[in-house]
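I have placed the structure first, in the form of structure tokens, so that the comments after it can refer back to it.
The values are calculated or read from the model by the stated rules, or taken from the named source; none is laboratory data. Keep in mind that this is a model prediction, so the values were computed, not measured. No Cβ is skipped: glycine too gets one built from the backbone with ideal geometry, and neighbour counts run over all protein chains shown.
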Amino acid sequence: MASKALSPAPIASLLSHTTRTSSLRCLRQPALRPPSSLPQRRQISAYGYEQAKALTFPSYGEPPSVLSLHTHSISPPHGDLLTLRFLASPINPADINQIQGVYLSKPTWTTSLGTKDEIAVAGNEGVAEVIALGEGAKKDGWKRGDWCLMKGPGFGTWRTHASASTDQIVKLEEGVREGITAIQAGTVSINPCTAYRMLKDFVELKEGEWFVQNGANSGVGRAAIQLGKAWGLKSINIIRARENDKEKEDALKQSLYDVGADVVITDAELQSQGIKDMSKEWTNGGREKIRLALNCVNGKAATAMAKLLSSGGAHFVTYGAMSKQPLTIPASMLIFKDIHFDGFWVSKWAERNPEEKKTTVEDVLNMIRKGQFKDVPVDEIKWEWETKGDELIAKVKDTLEGYREGKGVFVFGKT
């Protein structure tokens, strides 16, 4: 059968009609807004690539100078890899020190985020949800919706999403998660664990015995007060004096009494001449022993705190140096009082004891569930997909400069 060719005229006519119709339709439509006025929208690839944003830095320095918000894609997971969506990530002093390059634990420098030169993602603590995973991860018992913590420092938690292998994270079992918020889970692995291990691992304190600590209003300090109270221990807590704001100082003291502190004094009161008599009054004439001191400050006030310890095997544990001053140890404390001076770094402890870390986290979360452990005051920093980098960096700067009543925590929304 012979085919019938179409003449060029009908085709031209059809094209002309289509063009006219399209032109008229365009004339009836409202003008498009310029790209700058359109809301920023997250693009999700049909091939399983995940769009992510992260606060990164290319070199050490002050956070406001070196941090920037970096957008990149994450490949679909395979093998033992998982794609994580972060839920909550706190801003800790150690995070700031790591960005500055003065913290012993170093960040992970990488080009895997699509940059020519190496960059690092800031943040060391947080909780994330599994949103995709490879077959190897499934065989290891992981599934979508699982919550996890980072196994060690340097992972980089100030980001919306991440790719991780099963050996980099610790699962929070569903029973452990019950009744726990993302903020509670995301802030449990550093400060509460630090307090928990220092109270447990250096001296076997008996019910009714005392410990003393400086930096008592810090995250570790508040955790130590509450853990000690739950275990029947008594605490002497030292805070920095607010010479020009007595009302604020009194409110701070009361907030520590509210979570279980037995005694709260300032560093000025600690170094006063009447401190020995006050100590005897607190400890039933000295018959109740003070066998443990927790130090994160150093300087003269830390030496004065050491003098409160009882003779015969007490331990003075240093886990920070907020004053940036040296710790001076009188020889008499070593020779005549037999006081032991120790250091503690929870990151190194966690690397050596991953299963014990998991047990410690679960124990603290169980105490939270029972109402035996209260959250630290928190300043929630909302992080949505549209949130600008300048806004997030400004919040980090606020923490650096101390302009925050509660602990800063990035809380991720629609990312």
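List of remarks:
- In the condition set (1) surrounded by fewer than 19 Cβ atoms within 10 Å (Cβ to Cβ); (2) in contact (Cβ under 8 Å) with a residue 24 or more places away in the chain; (3) among the charged types (D, E, K, R), Lys357 is compliant with all but (1).
- Qualifying residue in the stretch 230-244 (condition: in contact with a Leu (Cβ under 9 Å, 6 or more places away or on another chain), modelled with pLDDT of 95 or more, crowded, with 20+ Cβ neighbours inside 10 Å and in a loop (DSSP other than H, G, I, E, B)): yes
- In the stretch 245-285, residue nearest to Ala302 (Cα to Cα) [restricted to those that are in contact (Cβ under 8 Å) with a residue 12 or more places away in the chain and part of a loop (DSSP other than H, G, I, E, B)]: Gln271
- Qualifying residue in the stretch 288-309 (condition: hydroxyl-bearing (Ser, Thr, Tyr), in contact with a Gly (Cβ under 9 Å, 6 or more places away or on another chain) and modelled with pLDDT of 95 or more): no
- So Val212, is it out of contact with any Gly (no Cβ under 6 Å at 6 or more places or on another chain), in the same structural domain as Val130 (by TED's automatic domain parsing) and either in a helix (DSSP H, G or I) or over 30 Å from Val130 (Cβ atoms) (or both): no
- Selection within the stretch 207-228 - in contact with a Ser or Thr (Cβ under 8 Å, 6 or more places away or on another chain) and without any contact (Cβ under 8 Å) to a residue 40 or more places away in the chain: Asn217, Ile225, Gly228
- Residue in the stretch 396-408 that is outside the structural domain of Ala216 (by TED's automatic domain parsing), over 17 Å from Ala182 (Cα atoms) and either at pLDDT 90 or above or over 18 Å from the mean Cα position of the chain (by Cα) (or both) present: yes
- Scanning the stretch 64-111 for residues that are over 30 Å from Val220 (Cα atoms) and free of Cβ contacts under 8 Å to residues at least 12 places away in the same chain yields a total of 2.
- Applying the criterion of at least 1 residues that are under 18 Å from Ile238 (Cα atoms), among the basic types (Lys, Arg) and more than 27 Å from the chain's Cα centre (by Cα) to the strands (runs of 3 or more DSSP E) found wholly in the stretch 287-346 leaves 290-295.
- Only listed residue being closer than 30 Å to Trp142 by Cα, assigned by TED's automatic domain parsing to the domain that holds Leu133 and more than 19 Å from the chain's Cα centre (by Cα), chosen from Leu87, Leu55, Leu81: Leu81
- Considering residues of the stretch 377-394 that are touching a residue at least 24 places away in the same chain (Cβ under 8 Å), surrounded by 13 or more Cβ atoms within 10 Å (Cβ to Cβ) and in contact with a Leu (Cβ under 9 Å, 6 or more places away or on another chain) only, the residue nearest to Val259 (Cα to Cα): Ile381
- From the options Gly313, Gly299, Gly320, residue that is surrounded by 16 or more Cβ atoms within 10 Å (Cβ to Cβ), in contact (Cβ under 8 Å) with a residue 12 or more places away in the chain and on the phi > 0 side of the Ramachandran plot: Gly299
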